[in-house]
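K.L.:
This structure is in structure tokens; I'll ask about it shortly.
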Amino acid sequence: MVRKDAPPRRDRRMQQRLAHGEAAALGELYDRYATLVHGLAHRVLGEDSAADALTREVFVHLWEHPDTYDPEQGPLRSWVAEVTHRLAVRRLRAAGGHGRAATGTGTGEPDAEPDPERELERTVRRASVAARADYIATSLPAPLKAALERAYFQRRDYRQTAADLGITEDEARRRLRLGLQLLATAHDTVPEPGGPV
């Protein structure tokens, strides 16, 4: 029971330290979440220089607005990811959607007139799905993450994954299935442009 309370308490303490202007807290926050922030920013914006700039912007925002984090709403990591995603999408919209997605209609017809608003919505949707999938993948519980890493990055089947992890084949299949179901929710939570909400 005490173990379950530890992360929120740590997150609440971090917020208090930021609110008191403790520079060391910002350094710790950066060390802990810079990779996550840069990765999400790059997924949305599609280029390193833009992701670098957004990473700086996110940490400035976190430093200036620590009061926007509510530990009762979830872990600090989720708040950092949400702020990153929101600022990245805002920057993408301000730039007219010229981020990761290709321009044009995608029909292959040279005379086809692009619809900038529809392209922007598609770009934002793809970026949202990619950012959410990336966040889900990095937030998976360790047993699910270990099974997926072996199956997909090391190209191990479920039997080999079970042997590597010292678990039953049924447990390996269960972990892989659950991990894939969680990753699939990244796509399910973002509505199709022009579709039902």
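Values quoted throughout were computed directly from the atomic coordinates according to the rules given, and no laboratory measurement underlies them. For clarity, every value in this text was computed on a predicted model and none was experimentally measured. So basically every Cβ, Gly included, is an ideal-geometry build from the backbone, and we count neighbours across all protein chains shown.
K.L.:
Which FRET efficiency, nearest 0.05, do HIS20 and THR138 yield, Cβ-Cβ r, R0 35 Å?
P.N.:
That gives a FRET efficiency of 0.75.
K.L.:
If the chain between ALA184 and THR35 were fully stretched, how many nm would it gain, using 0.36 nm times the residue separation less the Cα-Cα distance?
P.N.:
Taking 0.36 nm per residue and subtracting the Cα distance, the gain is 51.4 nm.
K.L.:
Find the percent of Cα-Cα distances in segment 1-96 that exceed 23 Å, and round it to a whole number.
P.N.:
Everything past 23 Å amounts to 26 percent.
K.L.:
Can you tell me the FRET efficiency between ARG125 and THR168 if r is taken as the Cβ-Cβ distance and R0 is 45 Å, rounded to the nearest 0.05?
P.N.:
Once rounded, the FRET efficiency stands at 0.70.
K.L.:
Please list, in order, the residues from segment 48-89 whose amide nitrogen is less than 15 Å from a point placed 7 Å along the Cα→Cβ vector of ARG12.
P.N.:
Correct set: 69-76.
K.L.:
Once phi is turned into θ = phi - 60°, what whole-Hz ³J(HN,Hα) does the Karplus curve with 6.51, -1.76 and 1.60 give for every residue of segment 79-87, x standing for Gly and Pro?
P.N.:
Going residue by residue, I get 4, 4, 5, 5, 4, 4, 4, 4, 5 Hz, with x marking Gly and Pro.
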